[in-house]
Amino acid sequence: MRYTTLIRCKEAFSYLNNRDWVFIDCRFTLNDAGRGALDYQRSHIPGAVYAHLNDDLSGRAIPGKTGRHPLPDAQTLAQRFSQWGIDANTQVIVYDGLSGSMAAARLWWLLRWAGHEAVAVLDGGFKCWVDAGYPCANGVASREKRVFTPKFNPGMVSTAEEVQAALNKPGYLLLDSRSPDRYRGENETIDPVAGHIPGAISAPFMDNVTPEGVLKSPGELKGRFQKITGNTPADHVVFYCGSGVTAAHNVLAFSHAGMGMPRMYAGSWSDWITQAARPVAKGLND
């Protein structure tokens, strides 16, 4: 069986020793970039390799020129996947330690962008694994290298220019994945400019998650997104966030709901504001 959006801990555990299954730990803390790697070294799913959000899942950020987590170079990303032992026959399971599974969703999205469909996020993350009593390991794991052959899908990505061109185009929807206060331009502590892209609809990614830290059911997610997007086709729906991380969680949830694969403005708000000529809105949309 191939898993393409989500997998539960019990199912993942049953494949722990399968050589064609790769587990990748994506734990990351925004205000302490080194903490995730340390947490991984202390305890992780046996055999899991570690992916660092800044170093492995993003390109080099240039202040004032790019967003905070620009997409990595395509060739470099494919080489990284090869080093992690991923090829066409591999089922990849990604996880992190937060209830929102933000960094894990970013890696899920990157693999899907690169044409690898057999990738799923561990529902509930590492906490779920530990709470279930499944085994853990310490230190640093590695895998035998395989050859990853990418087939990148440019249709999954929207550029700033495409977003700006679609602002007044009927039939397109732009959804902001950040918290409602940041969307309104309040309590902005990360980016130098507060607000949102004009016309964007607030769709906080944490609304996808239950209080227990797992993703809501496909039916609940479908009801949520249908209320926001109506009958808009998936390729006319664009998600963004602060830097292209939490938006991937909304893309994951949208796909898990069976609504197709929407687009993502990967540069997101932190890229949008690098050019002062681009419009900015605050408060609630009309």
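The values are calculated or read from the model by the stated rules, or taken from the named source; none is laboratory data. Note that the structure is predicted; figures quoted are calculated from it, not measured. So basically every Cβ, Gly included, is an ideal-geometry build from the backbone, and we count neighbours across all protein chains shown.
Points to keep in mind about this one:
- Residue check, residue 203 crowded, with 19+ Cβ neighbours inside 10 Å, on the phi < 0 side of the Ramachandran plot and among the small types (Gly, Ala, Ser): yes
- Condition check for residue 194: under 24 Å from residue 251 (Cα atoms), of a type outside the set (Val, Ile, Thr) and modelled with pLDDT of 95 or more: yes
- Candidates 168, 187, filtered to the one that is farther than 30 Å from residue 9 by Cα, touching a helix residue (DSSP H, G or I) at 6+ places or on another chain (Cβ under 6 Å), at pLDDT below 95 and not small (Gly, Ala, Ser): 187
- Qualifying residue in region 68-75 (condition: more than 18 Å from the chain's Cα centre (by Cα) and in contact (Cβ under 8 Å) with a residue 60 or more places away in the chain): no
- Selection from region 159-185 of residues that are surrounded by 18 or more Cβ atoms within 10 Å (Cβ to Cβ), touching a residue at least 60 places away in the same chain (Cβ under 8 Å) and within 18 Å of residue 203 (Cα to Cα): 163, 172, 173, 174, 175, 176, 177, 178, 182, 184
- Unique match (being modelled with pLDDT of 95 or more, surrounded by fewer than 16 Cβ atoms within 10 Å (Cβ to Cβ) and of a type in the set (Phe, Trp, Tyr)) among 126, 152, 148, 81: 152
- Selection count, region 57-68, where residues are out of contact with any helix residue (DSSP H, G or I) (no Cβ under 6 Å at 6 or more places or on another chain) and either closer than 18 Å to residue 111 by Cβ or of a type in the set (Phe, Trp, Tyr) (or both): 2
- Tally of residues being modelled with pLDDT of 95 or more, among the charged types (D, E, K, R) and either in contact with a helix residue (DSSP H, G or I) (Cβ under 6 Å, 6 or more places away or on another chain) or closer than 29 Å to residue 186 by Cβ (or both) across region 212-263: 5
- Odd one out for residue 277, checked against (1) within 27 Å of residue 59 (Cβ to Cβ); (2) touching a residue at least 40 places away in the same chain (Cβ under 8 Å); (3) surrounded by fewer than 16 Cβ atoms within 10 Å (Cβ to Cβ): (2)
- Here 96, 73 are screened, and the one residue that is acidic (Asp, Glu), surrounded by fewer than 18 Cβ atoms within 10 Å (Cβ to Cβ) and over 26 Å from residue 200 (Cα atoms) is 73.
- When residue 127 is tested against the conditions (1) without any contact (Cβ under 8 Å) to a residue 60 or more places away in the chain; (2) basic (Lys, Arg); (3) assigned by TED's automatic domain parsing to the domain that holds residue 66, the lone failure is (1).
- Of the residues making up region 49-94, those that are over 19 Å from residue 121 (Cα atoms), of a type in the set (Gly, Ala, Ser) and in a loop (DSSP other than H, G, I, E, B) number 4.
- Residue in region 1-19 that is nearest to residue 214 (Cα to Cα), counting only those that are touching an Asp or Glu at 6+ places or on another chain (Cβ under 9 Å) and assigned to a loop (DSSP other than H, G, I, E, B): 8
- Filter pass, residue 38 being assigned by TED's automatic domain parsing to the domain that holds residue 110 and without any contact (Cβ under 8 Å) to a residue 12 or more places away in the chain: yes
- Test result for residue 139, surrounded by 18 or more Cβ atoms within 10 Å (Cβ to Cβ) and touching a residue at least 12 places away in the same chain (Cβ under 8 Å): no
- Only one entry of 42, 35, 60, 68 meets the criterion of being at negative phi, buried (at least 17 other Cβ atoms within 10 Å of the Cβ) and of a type in the set (Lys, Arg), and that entry is 68.
- Verdict on residue 39 being among the charged types (D, E, K, R) and outside any loop (DSSP other than H, G, I, E, B): yes
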